[in-house]
Amino acid sequence: MSSFVGYANYFAVIILMMGGLYVIFSTSNLIKRMIGLSILQTSVGLFYITTSKVFGGTVPILIDEDDPARAELASRLDPAYFESAAYDGVVYSNPLPHVLILTAIVVGVATLAVGLAIAVRVREAYGTVEREEIERKDRIRHAHESYEDELDETEASEADA
C-alpha cells in the first residue's frame, strides 16, 4: 500500500492523460474535444510538477551560514544525499518547472478560449458542433455550389451560341 501512495501522482497523471486522450478521440462534439484537450494539458502539467519535486529541497533563497534554519534543514536529510545534492550546505528546489507550468497554464487557457470561440462560430454557421453533421452539411453545400457553377457555365455558353 505504501508503494501505491508513493506513486499516487503518477497514477493520477496516467488516468487523467488517458481520460483526456479518450475524450479527444472518441467524440465528434467540438466542445467535448476541447474539454478533453484541457484535461490532457492538466495531466502534463501535473506530471511535470511531480517529477520536479526535490526531496528535502527548500525555496531557492540563499541562507546565511550562521542561520540556525540552515543546520535544521541539513539535519533532516540523509548525509549521502546531502553531500551529492547540496549547494553551500543547503538543498534547493529548482523553480524553473513551476514557472514553465504557470506559462503552460496561461497558454492552455488561451488555447481553450480560442477553441471555444471557434466552436461558437461553427455553431452559428452550421447549427451544430458535431463533426459528422458539419462534414455532411459542408459536402451538401459544396455540391450545391458546384451545381450552381455548372448551371452558370451552361447558361453562359447558351447565351454565346
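The values are calculated or read from the model by the stated rules, or taken from the named source; none is laboratory data. Values in this document were obtained by computation on a predicted structure and should not be read as measured data. With ideal geometry, Cβ positions are generated from the backbone for all residues, glycine too; neighbour counts draw on all protein chains shown.
Some observations on this one:
- Top-ranked residue of the range 1-35 - restricted to ones that are over 22 Å from R123 (Cβ atoms) and of a type in the set (S, T, N, Q), ranked as surrounded by the fewest Cβ atoms within 10 Å (Cβ to Cβ): S2
- Note on the range 94-133: residues that are surrounded by fewer than 11 Cβ atoms within 10 Å (Cβ to Cβ) and among the acidic types (D, E) total 2.
- Sub-8 Å Cβ pairs linking a first residue in the range 1-23 that is more than 13 Å from L46 (Cβ to Cβ) to a second residue that is among the aromatic types (F, W, Y) and exposed (fewer than 13 other Cβ atoms within 10 Å of the Cβ), at least 6 apart or interchain, are F4/F11, ordered by first then second residue.
- Residues (in contact with a helix residue (DSSP H, G or I) (Cβ under 7 Å, 6 or more places away or on another chain) and in contact (Cβ under 8 Å) with a residue 24 or more places away in the chain) located in the range 34-44: M34, L37, S38, L40, Q41, T42, S43
- Selection of the range 24-33 for residues being farther than 21 Å from V107 by Cα and in contact (Cβ under 8 Å) with a residue 40 or more places away in the chain yields S28, N29.
- T50 being at pLDDT 70 or above, closer than 21 Å to V13 by Cβ and either in contact with a helix residue (DSSP H, G or I) (Cβ under 8 Å, 6 or more places away or on another chain) or crowded, with 16+ Cβ neighbours inside 10 Å (or both): yes
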